[in-house]
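Enquirer: Here it is: the structure, laid out below.
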Amino acid sequence: SALLPIALVGEDILKQQAIAVQHFDAALTELAQQMSASMAAAQGVGIAAPQVHSPLALFIMASRPNERYPDAPNMAPVVVVNPHIIHVSSDLVSGEEGCLSVPGQRFIIQRHKTIEVRYQNLQGEWQQAELTDFIARIFQHEFDHLQGITLLERSR
Ligand SMILES: O=C(O)C[C@@H](Cc1ccccc1)C(=O)SCC(=O)c1ccccc1
Ligand SMILES: [Zn+2]
């Protein structure tokens, strides 16, 4: 799939509240495929639609072991549509994050250790899951992007 240009922090698209996906059609699938390819090309572990200039409530998350999270699970990319965070643990964990929209910088960010989430897949079927550690971190980072929030607003 074509690689999509990635919005950089400061661009308006990254400050907006994403719009709920209503049509689970071929265009949505094509966008998800292009996002996956763009994420892989940028060596990311996640990417949100606003980062590729689409205002839709959609992101991809894909965990892999890396130098900062050597025990992170190897996870095939998951397409997350219209996500909700239902419950968050009181436990917070600080960890290093990067952002494809803030290239070349790393931030120490506090996140909830465990979260309960609901979202739709590309067929519109609702999924519910409990996520923890690095995958919960990625979900919270991408979920922030759908609310117009980037790392810069979270790192003090
Ligand atoms: O900007 C994005 O959404 C992608 C971002 C996702 C993310 C990374 C780390 C923690 C939470 C969310 C990235 O993939 S940044 C680059 C990267 O590949 C990376 C950075 C730190 C650890 C592991 C990978
Ligand atoms: Zn980001």
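Here, each number is a calculation from the coordinates, and none is a lab measurement. Since we're looking at a predicted model, the values are computed, not measured. Virtual Cβ from ideal backbone geometry, glycine too; neighbours counted across all protein chains shown.
Enquirer: So between A41 and A27, what do we pick up on full extension, going 0.36 nm a residue minus the alpha carbon distance? Intermediate results must be reported in sequence, preceding the final value.
Expert: Working: separation 14, 0.36 × 14 = 5.04 nm, distance 2.10 nm.
Roughly 2.9 nm would be gained on extension.
Enquirer: Using the Karplus equation 6.51 cos²θ - 1.76 cosθ + 1.60 (θ = phi - 60°), what ³J(HN,Hα) coupling, rounded to whole Hz, does each residue of segment 86-96 give in order, writing x for Gly and Pro?
Expert: 8, 8, 10, 6, 6, 5, 10, 10, 8, x, 7
Enquirer: Quick one: Kirkwood hydrodynamic radius for segment 9-156, alpha-carbon pairs, angstrom, one decimal? Intermediate results must be reported in sequence, preceding the final value.
Expert: Working: mean 1/r = 0.0651 Å⁻¹.
Final number for the Kirkwood radius of segment 9-156 is 15.4 Å.
Enquirer: If we sort 130-140, 11-21 on the protection proxy, mean other Cβ atoms within 10 Å, highest first, what's the order? Can you show the working numbers first?
Expert: Working: 130-140: 20.8, 11-21: 14.9.
The densest-packed peptide leads the list: 130-140, 11-21.
Enquirer: With a sphere of radius 12 Å drawn around the Cβ of G148, what net charge do the other residues whose Cβ falls strictly inside it have (Lys, Arg +1; Asp, Glu -1)?
Expert: With Lys, Arg at +1 and Asp, Glu at -1, the neighbours total -3.
Enquirer: Next up: Can you give the helix-only mean residue ellipticity at 222 nm for the chain, where every DSSP H stretch with n ≥ 4 adds -39500 (n - 2.57) and the sum goes over all residues, rounded to the nearest 500 deg cm²/dmol?
Expert: Mean residue ellipticity at 222 nm (helix-derived): -6500 deg cm²/dmol.
Enquirer: Okay, moving on. Calculate the FRET efficiency for R64 and H84 from the Cβ-Cβ distance with a Förster distance of 25 Å, rounded to the nearest 0.05.
Expert: 0.45
Enquirer: Another one. Looking at the chain, what % of its DSSP beta bridges pair antiparallel, to the nearest 5?
Expert: 95
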